[in-house]
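Undergrad: So that we are looking at the same thing, I have put the structure below in structure tokens.
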Amino acid sequence: MTSRKLILGASIGNCVHVAGIYRFLGLAEEYDYKSIFLGPAVPIEKLVQEIVHHKPQKVIVGYRLSEQAARSLFAELRDALEEKGLRDKLELILSCTPSLKSIAKEVGIFDFIFTGEETFQEILESISDRPRATLEERYPQSLPERIASKKPFPILRHHFGLPTVEETVQGVSKIAEAKVIDVISLGPDQNAQEFFFRPEQMIPERSGAGGVPLRTREDLERIYKASRRGNYPLLRCYSGTNDLVKWAHLLKETINIAWGAVPLTWYSVLDGRSKRPLEEAIRENQEAMKTYTALGVPLEVNESHQWSLRDAPDSVAVASFYLAAYNAKKAGARFYVAQYMLNTPPGIYPAADLAKMLAKKELIAELIDDNFTVFTQVRGGLAHFSADLDLAKGQLGASTALGLFLEPDIIHVVGFCEAVHLARPEEVIESAQIVNGVLKDLLFGLPSIKADTFIEGCKKELKEEANLILEAVRKLGEKEKDPFTSPRVIAEAVRKGILDAPHLLGNPEALGKTQTRLVKGVLRCVDEKGKVITEKERLRSLGF
């Protein structure tokens, strides 16, 4: 039987602060170390004697007092270890204040220096027995590898794009140096999204509205170059609302896009973000999906939450979530990013929100096989955040905590300021640190929600109702080889109201007659008198 690894800990000199050391030793115990705690104010001579006696693989020492005393104490420790020939026989970790970090680096004996500013993942790396990773190993440049490298932690993604390219380049550099965001998701202005490949149609006075005014491939290359520092974040970008196939090639060539995100029905006349007729948009969106997968790029289909943002019934949100994943798989996606937007619409109760998301998750689990891997991405709702920034920070923490019940691989961090203005680099970093604070306290040991009868009952009901919608779509296209991927059938399902939302009333491509209300925190279908009706009754009223 292999003996357990040993770690020894103590505060040294006249320092009596031991809480950090004690917690670190407890963490090491969880990772199969035996720990020995020597206590506070341990003299260097005594520490070295214990090292000689116990022969630990790792030693963590703490000192949090004056800079002058620290310099001589660290030098004394270095000399004592070298005299006994111990320096190369163990890994030495220091816990200190930020003001002592530069002194500790000068002395040059510490393998890890922790000041309280590190991520939990960096702390875990000091416990790991894996060889020191190269830059490429530490910060992998493909999405699946990046996710694997951070397990059990989710990777963090944040949207970013300022009104000028220069500001955006500088901001990306600053965010990368902070090492808190794994994926920077570029947000171009609407001119770029709609008319990048049709510059003659751009409206100059709208330049920079809503994002970075990308105008040339060199703009993207400059931004990518700015990200090659710090933790070398992955980059991705909006897929464009016109010319999505051209965008796919451009983004792969310039920023090595981490994953493509395209809708199934949106970026069309349906939402007004382009003038593409619905059926044409679906067909082009599907071609974009196939293009990303042919380029070896993971795929996200940005569909379901667009329905929820327009107050569609939760059953429609769940059904469209399945259709999105189904189309991604049929397009050849090997890795699929399933995004769960919480808090949508505002006012939905947390338990109802989780029921909806779990219904989505369980439905698409049926699609998973050796050739189709699904990554779970959670985020706060777009319309959820308050214009009061202090309140919004609390909401960011709350939505993150709720999302952890879905066991995410990716957290899409929504900047706390985004209800007011585009996030600046400092606000991106602060938002990420709020999320990291939630992860530090809640990632491990969350209680199970499987025993919650309300969530389980609501989830079961939503799955049943979503399947009724999918069956209606299937019957609508019963003469088609595959109704779920047929642009004609999907467009017809929207026009006939199988897929519908109240906000679409008056849209030439949709029915828009479905009505919904929040009833005790659950988004329900209602009739014209406001009475709650089932999905079966809603579909029957449409002739299905």
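Undergrad: Within segment 384-422, work out how many residues are touching a residue at least 40 places away in the same chain (Cβ under 8 Å), over 21 Å from Glu362 (Cα atoms) and surrounded by 24 or more Cβ atoms within 10 Å (Cβ to Cβ).
TA: The total comes to 3.
Undergrad: Among the listed residues Arg283, Arg310, identify the single one that is out of contact with any strand residue (DSSP E or B) (no Cβ under 9 Å at 6 or more places or on another chain), of a type in the set (D, E, K, R) and not in a helix (DSSP H, G or I). First the steps, then the outcome.
TA: Details: Arg283 fails: not in a helix (DSSP H, G or I).
Criteria check complete, one pass: Arg310.
Undergrad: To continue, here is another question. Give the residues of segment 198-233 that are farther than 29 Å from Glu145 by Cα, hydrophobic (A, V, I, L, M, F, W, C) and touching a Gly at 6+ places or on another chain (Cβ under 8 Å), sorted by residue number.
TA: Of everything in segment 198-233, nothing turns out to be farther than 29 Å from Glu145 by Cα, hydrophobic (A, V, I, L, M, F, W, C) and touching a Gly at 6+ places or on another chain (Cβ under 8 Å).
Undergrad: For Glu509, all conditions in the list (1) charged (D, E, K, R); (2) assigned to a loop (DSSP other than H, G, I, E, B); (3) at pLDDT 95 or above; (4) under 27 Å from the mean Cα position of the chain (by Cα) hold save one; what is the number of the exception?
TA: (4)
Undergrad: With respect to Phe321, is the statement that it is outside any loop (DSSP other than H, G, I, E, B), within 19 Å of the chain's Cα centre (by Cα) and closer than 19 Å to Ile282 by Cβ true? Quick ask: steps written out before the conclusion?
TA: Working: outside any loop (DSSP other than H, G, I, E, B): yes; within 19 Å of the chain's Cα centre (by Cα): yes; closer than 19 Å to Ile282 by Cβ: yes.
The answer is yes for Phe321.
Undergrad: Here's another thing I want to ask about it. Give all pairs with beta carbons closer than 8 Å in which a residue from segment 97-113 that is farther than 15 Å from Asp79 by Cβ and in contact (Cβ under 8 Å) with a residue 24 or more places away in the chain meets a residue that is outside any loop (DSSP other than H, G, I, E, B) and among the charged types (D, E, K, R); count only pairs at least 6 apart in sequence or on separate chains.
TA: Ser99/Glu67; Leu100/Glu67; Ile103/Glu67; Ile103/Arg71
Undergrad: Are any residues in segment 23-63 assigned to a helix (DSSP H, G or I), surrounded by 18 or more Cβ atoms within 10 Å (Cβ to Cβ) and free of Cβ contacts under 8 Å to residues at least 40 places away in the same chain, and if so, which ones? Spell out the reasoning first.
TA: First pass over segment 23-63, keeping only residues assigned to a helix (DSSP H, G or I): 23-30, 44-54.
Remaining after also requiring surrounded by 18 or more Cβ atoms within 10 Å (Cβ to Cβ): 24-25, 28, 44, 47-48, 51.
Residues satisfying the conditions are Leu25, Ile44, Leu47, Val48.
Undergrad: Can you tell me how many residues in segment 1-22 are part of a strand (DSSP E or B) and surrounded by fewer than 22 Cβ atoms within 10 Å (Cβ to Cβ)? Spell out how you get there, then give the answer.
TA: So the first thing to find is which residues in segment 1-22 are part of a strand (DSSP E or B), and the list is 5-12.
Pick out the ones that are also surrounded by fewer than 22 Cβ atoms within 10 Å (Cβ to Cβ) and you get 5-6.
So the answer is 2.
Undergrad: Are there any pairs with C-beta distances below 9 angstrom linking a residue in segment 360-383 that is free of Cβ contacts under 8 Å to residues at least 24 places away in the same chain and at negative phi to a residue that is crowded, with 20+ Cβ neighbours inside 10 Å and of a type in the set (D, E, K, R), with the two at least 6 apart or on different chains, and if so which?
TA: Asp369/Lys329
Undergrad: Could you list all residues from segment 67-87 that are within 13 Å of Ile51 (Cβ to Cβ) and either without any contact (Cβ under 8 Å) to a residue 12 or more places away in the chain or not charged (D, E, K, R) (or both)?
TA: Leu77, Ala80, Leu81, Glu82, Glu83, Gly85, Leu86
Undergrad: Within segment 519-535, work out how many residues are touching a helix residue (DSSP H, G or I) at 6+ places or on another chain (Cβ under 7 Å) and either loosely packed, with under 12 Cβ neighbours inside 10 Å or farther than 16 Å from Ala466 by Cβ (or both).
TA: The number of residues fulfilling the criteria is 1.
Undergrad: Further, regarding this structure: Specify the residue that is farthest from Ile123 (Cα to Cα); the eligible residues are those in segment 423-449 that are surrounded by 23 or more Cβ atoms within 10 Å (Cβ to Cβ) and not hydroxyl-bearing (Ser, Thr, Tyr). Walk me through how you get there before you give the answer.
TA: At the first step, the residues of segment 423-449 found to be surrounded by 23 or more Cβ atoms within 10 Å (Cβ to Cβ) are 423, 428, 431-432, 435.
Among the residues that remain, those that are also not hydroxyl-bearing (Ser, Thr, Tyr) are: 423, 428, 432, 435.
On the way: Ala423: 28, Val428: 22, Ala432: 17, Val435: 17 Å.
Among those residues, the one meeting the criterion is Ala423.
Each row is one residue, and each column tells you yes or no for (1) among the acidic types (Asp, Glu); (2) over 23 Å from Glu106 (Cα atoms); (3) touching a His at 6+ places or on another chain (Cβ under 7 Å).
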| position | (1), (2), (3) |
| --- | --- |
| Leu8 | no, yes, yes |
| Gly26 | no, yes, no |
| Asp32 | yes, yes, no |
| Glu45 | yes, no, no |
| Arg64 | no, no, yes |
| Ala80 | no, no, no |
| Glu83 | yes, no, no |
| Arg87 | no, no, no |
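Undergrad: When segment 286-307 is examined, which residues are found to be in contact with a Gly (Cβ under 7 Å, 6 or more places away or on another chain) and part of a loop (DSSP other than H, G, I, E, B)?
TA: Val297
The values are calculated or read from the model by the stated rules, or taken from the named source; none is laboratory data. Since this is a predicted model, take the numbers as computed values, not measurements. Please note: Cβ atoms are built from the backbone with ideal geometry, for glycine as well, and neighbour counts cover all protein chains shown.
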